[in-house]
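Remarks on the structure that follows.
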Amino acid sequence: MIKKRLNIRMSGLGGQGAVTAAHVMAMAANRDGKFSISNPFFGAEKRMAPAESYCRIGIERIYDRGELVFPDVIEVFHPQVITMGKSYTMPFYSGIKEGGVVIINSDVPLLSDEDIQRLKDLNVALFYIPGTQIAIEIAGTELSTNMTMIGSVAGITKCVSMESLDGALQERFGKKFVASGGTASLDEAIKKKFAKKEMLLQKNLATVKRAYEIATEWAEKNKIELRVGNPAVAA
């Protein structure tokens, strides 16, 4: 499916870097010559509290910045979004568009039979990835879980290139980037995990690449196609 715009909703918990993930995706899209907007949505700015971020990527200018009610892709950063209802939309997949994709960070199935059937009725593809495990294995810290979620959505949709993601990560963590509130604190916590900035960039990119490869393989095997482009030209 070729769409002029891809709407991505990232649902997680405070401290997982969902806001950073949306921002990096948006920066990468700009580097690819696309239009993009990212914005956060959360209440109490503290760890383990519900947090959402939205990333809109398209081939035409984007003006809306509000809550993303009808996403094409939903990413679940933490199982508690599902198991404990830590989501601003209930059920967590509320509003998902027909033919969309749900990406869940978990190494075990979490959905009920009813939820699975509902997603099937909407022709929504369901992809599980052990994102936190991959982050720990490659980057050495669960704080890089958001890198696996970035790689997953990029691998499935190809909405941004790996080259542009590399550049976006360099811009976010390699230069003096001004963040605010909890996002700035998380950035500093991540940087402290690595002896040198170059190591942080290398490990984060490696984590993104691994998730990208896994997601790409899954999408090809299951014939999942969700792209940003001009539908008229594609037809």
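The values are calculated or read from the model by the stated rules, or taken from the named source; none is laboratory data. Nothing here was measured: the structure is a model prediction, and the numbers come from that model. For neighbour counting, all protein chains shown are included, and Cβ atoms are generated from backbone atoms with ideal geometry for every residue, glycine included. These accessible areas exclude ligands, DNA and RNA; they are computed on the full protein's heavy atoms, side chains included. Shrake-Rupley method; radii C 1.70, N 1.55, O 1.52, S 1.80 Å.
So which residues in the stretch 38-50 are of a type outside the set (Asp, Glu), open to solvent by 20 Å² or more (accessible area, probe 1.4 Å) and over 17 Å from Met147 (Cβ atoms)?
Within the stretch 38-50, Asn39, Pro40, Phe41, Phe42, Gly43, Ala44, Lys46, Arg47, Met48, Pro50 meet the criteria.
Report whether or not His23 is touching a residue at least 24 places away in the same chain (Cβ under 8 Å), assigned to a loop (DSSP other than H, G, I, E, B) and of a type outside the set (Asp, Glu).
no
I'd like the residue in the stretch 192-219 that is over 19 Å from the mean Cα position of the chain (by Cα) and exposed (fewer than 13 other Cβ atoms within 10 Å of the Cβ) and, out of all such residues, is modelled with the highest pLDDT.
Looking at the filtered set, the residue picked out is Glu198.
Each row is one residue, and each column tells you yes or no for (1) open to solvent by less than 10 Å² (accessible area, probe 1.4 Å); (2) at pLDDT 95 or above; (3) part of a strand (DSSP E or B).
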| residue | (1), (2), (3) |
| --- | --- |
| Asp64 | no, no, no |
| Val69 | no, no, no |
| Glu75 | yes, yes, yes |
| Gly85 | no, no, no |
| Met90 | no, no, no |
| Gly95 | no, yes, no |
| Glu98 | no, yes, no |
| Val102 | yes, yes, yes |
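So, of the residues in the stretch 3-20 that are assigned to a loop (DSSP other than H, G, I, E, B) and among the small types (Gly, Ala, Ser), which turns out to be most open to solvent (accessible area, probe 1.4 Å)?
Filtering the stretch 3-20 for residues that are assigned to a loop (DSSP other than H, G, I, E, B) and among the small types (Gly, Ala, Ser), the one most open to solvent (accessible area, probe 1.4 Å) comes out as Gly15.
Can we say Pro40 is modelled with pLDDT under 95 and not in a loop (DSSP other than H, G, I, E, B)?
Taking the combined requirement at face value, the residue satisfies it.
Find the helices (runs of 4 or more DSSP H) located wholly in the stretch 107-176 whose residues include 1 or more that are of a type in the set (A, V, I, L, M, F, W, C) and in contact with a Lys or Arg (Cβ under 7 Å, 6 or more places away or on another chain), and list them.
It comes to 131-139, 162-169.
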